[in-house]
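Heads up, the thing below is written out as structure tokens.
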Number of protein chains: 2
Amino acid sequence: MTDRLSAQFAFLTEADRLKSVLRANTLCDGSRAENSGEHSWHLALYALVLADQAGPGVNIDRVIRMLLIHDLVEIDVGDVPIHSADGTAHGSAAVQAAEARAADRIFGLLPADQAAGLRALWAEFEAAETPDAVFAKSLDRVQPVAGNIAAGGGTWATFGVTWPQLESRVGSKIARGAPQIWGWLRARAKPWFDARG
Amino acid sequence: MTDRLSAQFAFLTEADRLKSVLRANTLCDGSRAENSGEHSWHLALYALVLADQAGPGVNIDRVIRMLLIHDLVEIDVGDVPIHSADGTAHGSAAVQAAEARAADRIFGLLPADQAAGLRALWAEFEAAETPDAVFAKSLDRVQPVAGNIAAGGGTWATFGVTWPQLESRVGSKIARGAPQIWGWLRARAKPWFDARG
């Protein structure tokens, strides 16, 4: 049991480093960059509160577990903003390969049974095929949009995002798992883009 | 549905402010103070990973939900460190009353059904009587101890904590819900206190 606890605490202490990984978006008040640890908390809270927007067959507790671990690979790889490099960096083969290696290392700190289980849950999130993963991925796109609305533009201004880019990179993915949420956000995001012509 | 989503997003945007509430303890690398948002994420991850340490009748998914919301009242009240004011401030009647008012306001932003459910879950955590709440409260004491060990003293140095104080304020509460974890931590915390006589 002591060895098992030592492995579990090695993982939990390593996970602490996610609090030092900075994202492109800011807090809702614009005061500073958000880090990936607090982002993961906020997203899990999104899942808890927006559970009634999930499609058939979604297990919200499984979605919450998925969101708690979804960004741990960023400890090694960093955050790759969805609008950076004109939208081409996020999800590139090179980034995916680096994230897979990071997953091996970080989940590999855990006892073998837990390492396998959580690495599989992370891979399921990344693949975005199961109902749980589709909803989790949608929420991962929802939270920065809500943050940009609150912050008065945020990363849309930073990266010079256009409305068609937001619809293709973000809106279509939110709509896949949470269409009503995209409808709600769309109406509140559009005026920012309209005001910039 | 639009009104419901508006209430849910009002709550989720307000919750963002928890990322600006600073705690007494630092990150594991000592680089800066931890905030209560990222603390809540880390604790939920503790519950996920240390689930096999939970006592009979504990529902880990419920514990995770509890930990995701347990500190939201700090948006209004701030964090009250367990070792501050020589251990007397945390849990005082004045703090408890302020936290109850904060819970009314913050959970009250949600649609009524969700407000009642999450406020009750928070009250259950605070009462620390059910198996889920006892385990959740234990983990809330575990994480700062693990952080202080990693940081080489942390808040034990800040507040001049003695070994008997750690055992009474923290150890006894961890042991109530997670005795094996306290055994593991105790062996790794004691040397820091022994070295200071």
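The values are calculated or read from the model by the stated rules, or taken from the named source; none is laboratory data. Note that this is a predicted model, so its numbers are computed, not measured. Neighbour counts run over all protein chains shown; Cβ positions are idealised from the backbone, glycine included. For accessibility, only protein heavy atoms count, side chains too; no ligands or nucleic acids. Shrake-Rupley method; radii C 1.70, N 1.55, O 1.52, S 1.80 Å.
Of the residues making up region B:155-197, those that are of a type in the set (A, V, I, L, M) and either in a helix (DSSP H, G or I) or in contact with an Asp or Glu (Cβ under 8 Å, 6 or more places away or on another chain) (or both) are B:Ala157, B:Leu166, B:Val170, B:Ile174, B:Ala175, B:Ile181, B:Leu185, B:Ala187, B:Ala189. Does region A:30-45 hold any residues that are open to solvent by 30 Å² or more (accessible area, probe 1.4 Å) and in contact with a strand residue (DSSP E or B) (Cβ under 9 Å, 6 or more places away or on another chain), and which are they? Residues satisfying the conditions are A:Arg32, A:Ala33.
In region A:101-115, of all residues being out of contact with any Leu (no Cβ under 9 Å at 6 or more places or on another chain) and of a type in the set (Gly, Ala, Ser), the one that is surrounded by the most Cβ atoms within 10 Å (Cβ to Cβ) corresponds to A:Gly108. Restricting region B:1-45 to residues that are of a type in the set (Asp, Glu) and out of contact with any Ser or Thr (no Cβ under 8 Å at 6 or more places or on another chain), the residue that is farthest from B:His83 (Cα to Cα) is B:Asp3.
Each row is one residue, and each column tells you yes or no for (1) more than 10 Å from every other protein chain (Cβ to nearest Cβ); (2) within 14 Å of the chain's Cα centre (by Cα); (3) without any contact (Cβ under 8 Å) to a residue 24 or more places away in the chain; (4) open to solvent by 20 Å² or more (accessible area, probe 1.4 Å).
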position	(1), (2), (3), (4)
A:Phe11	no, no, no, no
A:Cys28	no, no, no, yes
A:Ala47	no, yes, no, no
A:Leu67	no, yes, no, no
A:Pro81	yes, yes, no, yes
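Residues of region A:133-149 that are farther than 30 Å from A:Ala7 by Cα and either open to solvent by less than 50 Å² (accessible area, probe 1.4 Å) or away from chain B (no Cβ under 14 Å) (or both): A:Val134, A:Phe135, A:Ser138, A:Leu139, A:Arg141, A:Val142, A:Gln143, A:Pro144, A:Val145, A:Ala146, A:Gly147, A:Asn148.
In region B:122-132, the condition of being open to solvent by 10 Å² or more (accessible area, probe 1.4 Å), part of a helix (DSSP H, G or I), without any contact (Cβ under 8 Å) to a residue 24 or more places away in the chain and more than 10 Å from every other protein chain (Cβ to nearest Cβ) is met by at least one residue.
The single condition among (1) within 19 Å of B:Leu45 (Cβ to Cβ); (2) within 14 Å of chain B (Cβ to nearest Cβ); (3) surrounded by fewer than 20 Cβ atoms within 10 Å (Cβ to Cβ) that A:Asp76 does not satisfy is (2). Within region A:150-183, if we keep just the residues that are in contact with a strand residue (DSSP E or B) (Cβ under 8 Å, 6 or more places away or on another chain) and among the polar types (S, T, N, Q), the residue that is nearest to the other protein chains (Cβ to nearest Cβ) turns out to be A:Thr155. From the residues in region A:13-26 that are assigned to a helix (DSSP H, G or I) and either within 21 Å of B:Arg62 (Cα to Cα) or of a type outside the set (Asp, Glu) (or both), which one is most open to solvent (accessible area, probe 1.4 Å)? Applying the filter and picking the extreme gives A:Arg17.
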